[in-house]
Amino acid sequence: MNIGVLVKPVPDPEQYNSITIDPETKRLNRSGVPTIVNPSDKCAVEAALKLKEKFGGKIVIFTMAPPDGREKLMEVLAMGADEAVLVSDREFGGADTLATSYTLVKAVEKKSAESESFDLILSGNESADGATGHVPAQVGEMLGFNHLSAIVQIVAEGEGRPDSLTVFQKIENGKNEFEIKLPAVIGVTRDINKPRYTSAMGVIKAKKKPFDTYDCEALSPDKSRIGIEGSPTKAGAIFTPDTGRKSEELSGSPEEIAEELVKRIKAIGVTINSGGGCRE
Amino acid sequence: MSNRKIFIYAENDCGAIENSYFELLSKAAALNVKLTELEGAPAQLCAVTVGELGEDSLNSLVESGTDVVYSITDESLTVYNPAVYSEAVAQLCKLEEPYIFLFASTAMGTELAPSLGVKLHTGVSAHCVDLRFDDSGAFIQDVPAFGGKVIGEILTPDTLPQIATVKPGIFQCECLAAKSAEVKKFSPSLDSTVLDGIVLKDVHVKDRDSLPVEQAETIICGGFGMGCDENWEVLDRIANYFENSAVGCTRPALDEDWTDDDGTMIGTSGKTVRPKLYIGAGISGAMHHVCGISDAEFIVSINKDENADIFNVSDIKIVGDAVKILTAFEERLVQE
Amino acid sequence: MVDFTFTEDQEMLRAAFREFIEAEIAPHAAKWDADDYCPVELWPKMGEVGMLGIFVPEELGGAGLGHIERVMVIEEIARHSAGLAIAVFTHHLCMGAILDGASEDQKKKYMPSLCDGSKICGLAVTEPGGGSDYMGQKTTGVKDGEGWIVNGRKCFITNGGPADITVCTAVTGQDDRGRNQLSCFIFEKEDEGFGPGRKEHKMGLRGSWTGDVIMDEVRLSADRLMGAEGKGAGVGMKAIGEIGRASMSAIACGIIRGCIEESVKFANERVLYGKPISKIQAIQFHIAEMRMWYEASRLLTYRAASLKDKGQPAITEFAMAKGFSVDMSVKASQNAIELMGGYGVMNEYPVERFHRDALASISSGGTTEIQKLIIAGDTLRAFTA
C-alpha cells in the first residue's frame, strides 16, 4: 500500500499566546515561536505507519514550505516514513487552500508518475494555524480520489492490499461509519491515534532516506493556479480580537444572574444542549 | 429584488433542519440590509437543502423568511454521501450562479464547502466569526487564525460564489418576517462513478465518557468554596449540558477529597487548559491555579469574596455563593 | 577552530527526547519524588526511543552514538527529574563498564536486553568504608574450582533494588607489594545469596533506588568474571570517572536549566506592584547569574564529553565539569527559591525539589573536594613551566 502524507510545518500552537500583530506594520509577529510539525499531520503519519506495518508498501511525505521545511520533514522521516518531498518555490508563496491543494496535487502526481501510484493520501484534518480543514477535501477533488475529512478511526481488515477502508468520521453527535474505495484522500483528526515517539535510531536513519525538492519548474503547473495569483481568496487586514478580561459583574438574584449567564455563553458561540445529555 | 442570490445551506438532519440554518439566515438578512443600501435592491435569500425533508421541516424552511427554497432530491441523496451531495449542490450552483454561499462549519458543512470550492473554482473561507459588506460592496469574511489569537479578513474578489463556513452559535437567531418562499425542486444528474466511491454504513450516536480537562472545550471547575462533597455533584450535572465538557478542580478541592481524580486538577502542578468556556466556582485565584487557565477564551468566576484575585483574570464576575448560583444556573439550563 | 554548535542530528535527537520526556517523565516527576518511586516500567519505553543504548554500538542493540548524545539524554531527563536521571545514568554506567571490560560473549549476552530496556542494570563499587577509598574495599572473590565465591556488602548502590544485572568489584588477590587487586563480576538478580539490602531514604534524587547490595557466599561460574582477573580496578574507575562524573555534570546542567525555566516563568507571571517581577532588576540579576552558571557548566560538560568521543582522556575535564556544575546547581536552585519567595518552598513548584536534588548530587561521583584533588594532581603536572 503506497501512502502519501501531506504535512505542514506550523508555529507551535502551545505558544499562540505570544503571537502578536505589529501595531506599525500590521504584520504578524511570531518571532520566538518555534515551528513544529502540525499535530494532526503527525497523527496522519502515525496512521500511515500503522497501515504500512500491516500491508507493506512505502510512505512518502509531502510538504509545501519554504526551504527550512526540510528540518520538519527530517523529523517525520525519523518517525519512520520512507521518502520526503519538499515542494518549495517563491512562486508558491501566499497560496490559499485552493492554490495549496493544487500545488500539492501536482507534486503527488509527479511522484506517482516517477515511481508508483498512491493508494491513499493521508493528511491532518486541519492545520493548527489556519485551521480551514480544506486541504484533504480539495486535494481529493483535484486528484479525482474519493475523500473524507474528520476521520477518527481507520479500520483495515484482511490480508493484502485492500480495495477499500472502513473509516469513522466525527460528527456533531457521534460518528459516521463509511466505506471508502481506494484510491482515497483521508483527513484525520488528533483523536485517531497517539503518534509514536521518534527514536534515536530513527533520527540516524532519516538523513539517508530519499529526499526530493520540487520547485515550480519541476512541477510545471498552470501558473494561474499557484501562489497569490492562483488564490481566489485574498487576505485583508488582520487584527487581534479584544481578549482583555473585563471582569464585568453580573448582579441580581441568582435566577437573574443565571439568565444573563446563559445569554453570555451563547454569545461566545458555546452550544448548550437540551436535557444535559452530552455526557454519561 | 436584484438577481443576486445568497445561498444558505440548510442541513438536513434525518429530515429535520439544523438550527445553524436559522442563524445563517438571520445573518444573511442583516447583510441584505447593507446590500440594499449599496445596490438599491436586496438579494434573493435562498435555502438549499439536500435529500427528502419531512413536511413540517419543509414548512419551517418555507416560512423561515427566505425567498426561495431549493430542494435537491434524488434517490441517491437519501443517505449522506459527501461526494454525491457536493456534486448535486455544485450542479445547482452552476445553474443558478449564486453570489454568496453560506455553510455552517459543522462536520457536513466543512466537508461540502471546500469540495464545492474546487468544483466551482472559487474561494472558500473557513470558520468565520463575522461577515459584512464594506462600503465598496466587498464581502468581508472574518476568519480566526492561530487558535483565535488573530482574526484575518478574507475576500473573494474575482470568483463566485463567495463561499464561507460560519461557526455555529456565532450569530443569533432572529425571527424574520414570515413570508412564503417559493419551493424549487432540483434533480441533479449523478453518474455511478460518483455514487459508489463512498458508502455510509452506519451512524453511531455517541455515549461519551468524560473528556480529559486539557481537551475540553467547556470546563466547570470547582474550588474550596464549593464547601462539601455533596455540593460537588452540581458541577457534573452542569457539565452535562455542554459539548466536549469536563469538570476540573483545584488543589484544595482535591485535598478535601471532593474529587479523587487528580488528573482533573488545573494549575501549575496540574493541567494547563485552554477551553472556550471556563466557569470557576468557589475559586479564590491562587496564582498556581490561575496559571493553568490563562489561555481560556472566556472565564466566568463565581466567588463570595468580591475582592477575590480570580476576578482580575475573569471576563465575567459573579459575587455570590457558588452553590446557590450554580443551582440557579442549572435550573435555567433545564429550560434549554 | 572551535565549534560550539551541535550537529543537526544532535538537535533533532534533543527535540525527539524532549518530546518523550515532556510526555512520559515531566508530568510524574513530583510524584516519583514524593513517593520515592523508581519508575521501572519506563525502561522498555526508554529503550524503544534509544535513550538507554544511545552510546552502544548498533550490533549490540544500541544507537551507535557517542557520549555527547548520552550526556544530552541525562541533561534532558534531569531538567524534569534528576532522580530518574541518576537511575538512567547508573544503567549507562554499568553498560559502559561492560562495553569496556567484558568479553564479546558477555557483551552479546547482556547488552541487547539492557539497550531495549527489558533489563535494568547497575554498578556496585562503593562500600561502607567510603567510595573514595576505592582500593581498600572489603568484598572478596575467592576461586572455587573453575568459578568464584563472592562475599561482601556494597552500599549507596543506585538501582541496587530493581537491577536485573549488577557489575560488582571485589578483591581477588594482592600484588607482590601487598596491594589489593580488584576484579569485576557480573551478577544476575536470580543468583543465590545475592540481592538488595536496606534501601536508603535520601533527601534528594528520589525516584532512584539507592541502598545496600549484599553478596553472601554467592557462587559464580567462570563466565561471570568480567575482564581479566585482578584487572577490574581500572574498569570500575574509568566508568565512574567518565560516565559517572559526566552524568552528574549533566544532571547539574539539567537542574540549573530547570531552575531557570521555572524562574523565568514565575517572574513573568508573578505580578507585584502592578507589574511582573521580571521587570525588577534584583530579579533579573538572579536570572542572569543562573544563565551564566548554566552556560559555563554546559560548556565544561559537553567539552569533556566531546573529548571522550574523540577517544582522548577526559578524567580531569569531567572532574572539573562535575565539581563546578554541581556547585552551580546548588546555587542556582537556591537562587530560584529566593526569587520565588514563599512559593519557592512549596511543593506546588518544583524548585524546592531541584534544590534537594542539587544538594544530594554533591557526593555522587565524588564530592567537589575529590574533584579538586584530581584537578590539582593534573594541574601540578601539566602546568609545570
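The values are calculated or read from the model by the stated rules, or taken from the named source; none is laboratory data. In this text the structure is predicted, and so the values were computed from the model without any measurement. Cβ: placed from backbone, ideal geometry, glycine included. Neighbour counts: every protein chain shown.
Across segment B:128-147, the qualifying residues are those that are facing chain A (nearest Cβ under 7 Å) and out of contact with any Gly (no Cβ under 8 Å at 6 or more places or on another chain), and the one among them that is modelled with the highest pLDDT is B:PHE146. Of the set (1) among the aromatic types (Phe, Trp, Tyr); (2) surrounded by fewer than 20 Cβ atoms within 10 Å (Cβ to Cβ); (3) at positive phi, all apply to B:PHE146 but (2). For segment C:159-187, filtered to residues that are over 24 Å from the mean Cα position of the chain (by Cα) and not polar (S, T, N, Q), the residue that is modelled with the highest pLDDT is C:VAL171. Could you list, in sequence order, the residues of segment C:123-158 that are assigned to a strand (DSSP E or B) and over 24 Å from the mean Cα position of the chain (by Cα)? Result: C:THR140, C:GLY141, C:VAL142, C:LYS143, C:ASP144, C:GLY147, C:TRP148, C:ILE149, C:VAL150, C:ASN151. Based on this model, can you work out whether B:LEU112 counts as more than 7 Å from every other protein chain (Cβ to nearest Cβ) and either basic (Lys, Arg) or crowded, with 18+ Cβ neighbours inside 10 Å (or both)? In short, yes.
Taken over segment A:205-227, the criterion of being surrounded by fewer than 19 Cβ atoms within 10 Å (Cβ to Cβ) and not in a loop (DSSP other than H, G, I, E, B) is satisfied by A:LYS205, A:PHE211, A:ASP212, A:THR213, A:CYS216, A:GLU217, A:ALA218, A:LYS223, A:SER224. Within this structure, C:ALA23 fails the test of being more than 10 Å from every other protein chain (Cβ to nearest Cβ), within 23 Å of C:ARG353 (Cα to Cα) and part of a helix (DSSP H, G or I).
Out of B:ILE170, B:ILE238, B:ILE154, which single residue is part of a helix (DSSP H, G or I), out of contact with any Lys or Arg (no Cβ under 6 Å at 6 or more places or on another chain) and surrounded by 19 or more Cβ atoms within 10 Å (Cβ to Cβ)?
Residue meeting the stated conditions: B:ILE238.
Could you go through segment B:260-268 and let me know if any residue there is without any contact (Cβ under 8 Å) to a residue 40 or more places away in the chain and within 13 Å of chain A (Cβ to nearest Cβ). No, that holds for no residue. Which ones in segment C:209-247 are part of a strand (DSSP E or B) and of a type in the set (Ser, Thr, Tyr)? Answer for segment C:209-247, where residues must be part of a strand (DSSP E or B) and of a type in the set (Ser, Thr, Tyr): just C:THR210. For segment A:172-181, state whether one or more residues are buried (at least 17 other Cβ atoms within 10 Å of the Cβ) and either under 30 Å from C:GLY117 (Cβ atoms) or touching a residue at least 60 places away in the same chain (Cβ under 8 Å) (or both). No, the conditions are met nowhere in segment A:172-181.
Looking across segment B:75-109 at every residue that is among the charged types (D, E, K, R) and either in contact with a helix residue (DSSP H, G or I) (Cβ under 7 Å, 6 or more places away or on another chain) or free of Cβ contacts under 8 Å to residues at least 12 places away in the same chain (or both), the one that is farthest from the other protein chains (Cβ to nearest Cβ) is identified as B:GLU75. The set of residues in segment C:34-47 that are among the acidic types (Asp, Glu), modelled with pLDDT under 95 and in a helix (DSSP H, G or I) contains only C:ASP35.
The condition of being buried (at least 22 other Cβ atoms within 10 Å of the Cβ), out of contact with any Asp or Glu (no Cβ under 9 Å at 6 or more places or on another chain) and under 21 Å from C:PHE266 (Cα atoms) holds for only one of B:ILE325, B:ILE279, B:ILE293, that being B:ILE293. Looking only at residues that are polar (S, T, N, Q) and buried (at least 22 other Cβ atoms within 10 Å of the Cβ) in segment B:119-143, which one is nearest to B:ALA164 (Cα to Cα)? Step by step, filter segment B:119-143, then rank; the result is B:SER125.
Here the condition is being within 26 Å of C:LYS202 (Cβ to Cβ) and acidic (Asp, Glu); of C:ASP3, C:ASP36, it holds for C:ASP36 alone.
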